[in-house]
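Scroll down for the structure; my scribbles are underneath it.
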Amino acid sequence: MPSSTIAILLIYFSYGVLEFFRSDLFGKNEQTRDDGIIEFVSTTVLLLATQPAILFTSGALASVIAPEMKNALAGINIFAAIALFLVFDDLAQYLWHRASHSTKWLYNLHRAHHNARYMSIRLVYRNNIFYYMMMPGIWLSGVLIYMGLGWVYAGYIVVKLLVITGAHSDVAWDKPLYAVKWLSPVMWVVERTISTPATHHAHHGRHLEDPATHYKGNYGNLLFFWDVLFGTAKFTRTYPQSYGVENLPKATLGQQLMWPLFPEGKEVEGEGAAQAREVSGS
């Protein structure tokens, strides 16, 4: 088993143990029967099928379109290689995520992530199956791997998972650090660089009038810097009182996992369009 895979499993396991003992990993407040099914299916399909298939397919397509580019970047500086993944994977995911909150049909692919009325590591890969199939960052990462940067991707994906798992967990690692006065300048830099529980929980907050909620922004995945750069950031150093966007239209198990194969009725579709506009601010 690759060392990067072992590291990823250890990250999940460590946060899972923390949630199990501190906030009941498998019995979250307001969870429904469908929640666990959606999270298990979407995570399993992504990690075992969708992501490997996309990385392989994008590399295969690149070998046909540009065979001369195979391993073309293998010798570049490691910092330059990391920067390429931050732009072509993480920035691309920020833009994809932001678009999902401003385009109705994309929001229908993403809404499963916000249907959950709790925060947890269980949400990290909770999305419609087609949401990940279409995610540009995975396809572009496959091209970079084809160009010789697979060795960088193995480490990059571990760091990325460490950050986004911590940002989704309801065990807020940043909360005690905010309470240490002399660490405030350090945390000022940290929260403007990477996604933290406080900044990402705000994106999942239920009620807009809650000062700690900002579901119309805070879209960052690994780097929160993109939100700072593009003006979608909100800092509160506090956490929403409840989660799961307000007035979100109900969706069946099939709709959350495989819309549009399981379309809504006209009434729900109309509510969904209105909610997509509300969530995006458009």
Shape call for the stretch 63-217 from the C-alpha gyration tensor, a ≥ b ≥ c root eigenvalues: rounded (a/c under 1.5), prolate (a/b greater than b/c) or oblate?
oblate
List the residues whose amide H sits under 5 Å from the amide H of Tyr243, counting only those 5 or more places along or on another chain, with H placed 1.01 Å from N in the peptide plane.
Arg206
When ligands, DNA and RNA are left out and all protein chains stay put, how many square angstrom of accessible area per residue does the chain have with a 1.4 Å probe?
47
On a 1.4 Å probe surface of the protein chains, which of Ile6, Ile65, Ile11 comes out largest in accessible area, and what is the full order?
Ile65, Ile6, Ile11
By Kyte-Doolittle mean hydropathy of at least 0.0 and Cα axial length of at least 27 Å, which whole DSSP H helices of the chain are selected?
3-22
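Rounded, prolate or oblate: which fits the stretch 39-152 when a ≥ b ≥ c are the square roots of the eigenvalues of the alpha-carbon gyration tensor, with rounded for a/c under 1.5 and prolate only if a/b beats b/c?
The shape class here is prolate.
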How big is the chain along each principal axis, measuring the range of its Cα positions in Å and listing the largest first?
54, 53, 36
Cα gyration tensor category, rounded, prolate or oblate, for the stretch 2-98 with a/c compared to 1.5
prolate
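Nearest 500 deg cm²/dmol is fine: what mean residue ellipticity at 222 nm does the chain get from its DSSP H runs of n ≥ 4 alone, each adding -39,500 (n - 2.57), divided by its residue count?
Calculated at 222 nm, the ellipticity per residue is -16500 deg cm²/dmol.
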Between Trp182 and Val41, what FRET efficiency comes out of the Förster formula 1/(1 + (r/R0)^6) with R0 = 45 Å and r the beta carbon distance, rounded to 0.05?
0.50
Solvent-accessible ranking of Phe88, Phe224, Phe13, Phe130, largest area first, probe 1.4 Å:
Phe13, Phe88, Phe130, Phe224
Two pseudo-spin positions, 7 Å from Cα along C-beta at Tyr12 and at Ala49, lie apart in nanometres by 1.6
Calculate what fraction, in whole %, of the accessible area of the chain sits on carbon and sulfur atoms when a 1.4 Å probe is rolled over the protein chains.
70
Excluding Ile164 itself, what net charge comes from residues whose Cβ is under 13 Å from its Cβ, given Lys and Arg +1 and Asp and Glu -1?
+1
Candidate lysines - alpha carbon under 30 Å from Lys160, same-chain residues fewer than 8 apart omitted:
Lys28, Lys70, Lys104, Lys175, Lys181, Lys216, Lys234
Alpha carbon centre of the stretch 52-75 versus the stretch 93-151: separation in Å?
21
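Mind checking the full-extension length gain between Leu229 and Val64? Use 0.36 nm per residue of separation minus the Cα-Cα distance, one decimal, nm.
The span from Leu229 to Val64 would gain 55.8 nm if fully extended.
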Roughly how many nanometres apart are two label points built 7 Å out from the Cα toward the Cβ at Asn77 and Ser3?
2.4
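The values are calculated or read from the model by the stated rules, or taken from the named source; none is laboratory data. All figures in this text were calculated on a predicted structure; none of them were measured in a lab. Cβ coordinates were reconstructed from backbone atoms using ideal geometry, including for glycine residues, and neighbour counts include every protein chain displayed. Side chains included, ligands, DNA and RNA excluded: accessible areas come from the protein's heavy atoms. Shrake-Rupley method; radii C 1.70, N 1.55, O 1.52, S 1.80 Å.
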